[in-house]
Amino acid sequence: MGGVLVAMGCLSAGVGWIIAGRTLRLAHRTHGRTASRAATVLDGWDTWFLGGFSNLTMGLRSLYAMAVWAAWTVAGLALIGLGLQQLAGRT
């Protein structure tokens, strides 16, 4: 049972890494699309306003991706810790 918990912990950390990577790629893609539209269509304050909100959204999505990665990693570390305790026979 301890080995299964350790494997699940490693899998959990990997899932967090994959989800965070996909979220960041999507954020970069959306930011690039919005920035290119703002530069070609708008001028003056509209460009500044849209660019500012695009950068803010990019920052928030990056923070979200890091929070998701951290949560999955902490869950994985907890499972690994439980698995090691099971293997050591301390429970």
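Just a few scattered comments:
- Some residue of region 84-91 being in a helix (DSSP H, G or I), loosely packed, with under 13 Cβ neighbours inside 10 Å, at pLDDT below 90 and of a type outside the set (Ser, Thr, Tyr): yes
- Remark: pairs (first residue in region 49-62, closer than 18 Å to Arg25 by Cα; second residue in a helix (DSSP H, G or I) and of a type in the set (D, E, K, R); Cβ separation under 8 Å; 6+ apart in sequence or on different chains) are absent.
- Residues of region 28-81 that are part of a helix (DSSP H, G or I), among the aliphatic types (A, V, I, L, M) and either touching a Gly at 6+ places or on another chain (Cβ under 6 Å) or at pLDDT below 80 (or both): Ala35, Ala38, Ala39, Val41, Leu50, Leu79, Ile80.
- Long-range neighbours under 8 Å by Cβ, at least six apart or interchain, first residue within 16 Å of Trp17 (Cβ to Cβ) within region 68-91, second polar (S, T, N, Q): Val68/Thr23; Trp72/Ser12; Thr73/Ser12; Ala75/Ser12; Gly76/Ser12; Leu79/Ser12
The values are calculated or read from the model by the stated rules, or taken from the named source; none is laboratory data. Just so you know, these numbers come straight off a predicted model, no measurement behind them. Neighbour counts run over all protein chains shown; Cβ positions are idealised from the backbone, glycine included.
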